[in-house]
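One structure is given below, encoded as C-alpha cells.
Please treat every number below as a calculation from the coordinates, not as lab data. Computed from a predicted structure; not experimentally measured. Reconstructed Cβ throughout: ideal geometry from the backbone, glycine too, with neighbour counts over all protein chains shown.
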Amino acid sequence: MAVSAKEIEDFYYFIDKIAEFHGHVCVGIAMGTKSALAAMRVLGFDPYVKKHKDLIVYVETDRCMTDAVQGVTGCGLGKRSLKHVDYGKFAATFVKLSTGEAYRVTTTKDFDKNLSVDEVLKIVSETPDEEMLKLERVKVDIPENDLPGAAKARAVCTKCGERVMDGRAVFEDDKPYCKACLYGAYYKTQE
C-alpha cells in the first residue's frame, strides 16, 4: 500500500514542529514521528488535536523518539499521559483509555549512517508503515494511581516529611515512607 499525500504532509508538519521543540532532526525524531502518527491513525486520534484525555503513551526510551511521540500526541509527563518505562528500546505503546485498545509500535528499519537527514526523511515519509514499523495489538493494565487526573493517594514521608503522591509511598510498620528515604536516593544532600 502506498503512502498517501496526506500522510507525507502530516509527517513533515510534525517533523518541523518537533524540530523546534527538540532542537534538531535525526533518525530518532523521524522514526518517532512515523511511529506516533501510525499509532494515532490506527486508534482513531487526530494528531492535530492536542487534548487527548483518552490517550496514554508508554515510551521505552529516554532518547529523541520520546520527544517525537510527545510532539505528535500532546501527551506529557506533567499531564500524566506519558509514561517512561526504561527498557532502552525504540518502542512505544499507545493506549486508548475508553476502550482499552492498545498498540505497541517498534521500528524494523536501520539506516545507513552515511545518509543525510534529508535522505532519511524522504525514505521514512515515503515508506508505508507496514514496511518500517511493527504495530502489535497488546493489553495494558493501567493501575488507577497511574491515570491522569487528581492524585488518588497522598502520604507524607515519616522520615523526610515530603509529600508522596499517586500511591508511590512505601509502608513499613504501617508508616509511609518515600522510596528515597527507604531505599536510598539518586542524589546526596550537601551541607
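Tell me, in nm to one decimal, what length is gained between Val49 and Ser4 on full extension, where the rule is 0.36 nm per residue of separation less the Cα-Cα distance?
14.2 nm
Please order His52, His24 by the number of other Cβ within 10 Å, starting at the fewest.
In order of increasing Cβ crowding within 10 Å: His24, His52.
Please rank Phe111, Phe14, fewest neighbouring Cβ atoms within 10 Å first, as an exposure proxy.
The fewest-first ordering by Cβ neighbours comes to Phe111, Phe14.
Out of region 78-168, which GluC sites (Glu not before Pro) are coil in DSSP terms and have no more than 16 other C-beta atoms within 10 Å?
Those that pass, being in a loop and sparsely packed, are Glu101, Glu162.
Would you look at the GNM of the chain, springs on alpha carbons closer than 10 Å, and say which of Lys175, Lys51, Lys122 moves the most?
Sorting by GNM fluctuation, first place goes to Lys175.
Based only on other Cβ atoms within 10 Å, what is the fewest-to-most ordering of Tyr186, Tyr12?
Tyr186, Tyr12
Can you tell me how much longer the chain between Val85 and Tyr12 gets when fully stretched, taken as 0.36 nm per residue apart minus their C-alpha distance, in nm with one decimal?
23.5 nm
Might you report the magnitude of the Cβ-based charge dipole of the chain about its Cα centre, with Lys and Arg at +1 and Asp and Glu at -1, to the nearest 20 debye?
660 debye
Ser98 to Lys188: FRET efficiency via 1/(1 + (r/R0)^6), r the Cβ-Cβ distance, R0 30 Å, to the nearest 0.05?
For R0 = 30 Å, the calculated efficiency reads 0.10.
Give me the number: length gained by fully extending Thr108 to Ala151, i.e. 0.36 nm times residue separation minus the C-alpha to C-alpha distance, one decimal in nm.
Residue separation times 0.36 nm, minus the Cα-Cα distance, leaves 11.7 nm.
What percentages, rounded to whole numbers, describe P(r) for region 123-191 computed over all alpha carbon pairs with 10 Å bin width beginning at zero?
Per 10 Å bin, starting at zero, the Cα-Cα P(r) for region 123-191 comes out as 17, 28, 20, 15, 15, 5 percent.
How far is it, in nm, from the label point at Ser116 to the one at Asp141 when both lie 7 Å from their Cα along the line to the Cβ?
5.2 nm
Show me the helices of the chain, taken as full DSSP H stretches, that run 20 Å or more along their long axis by Cα and average -1.0 or above in Kyte-Doolittle hydropathy.
What comes out of the filter, once short or polar helices are dropped, is 5-22, 27-43.
Normalised by the number of residues in the chain, what is the relative contact order in percent for Cα pairs under 8 Å and 6+ residues apart?
Taking the mean separation of contacting Cα pairs over the length of the chain, I get 18 percent.
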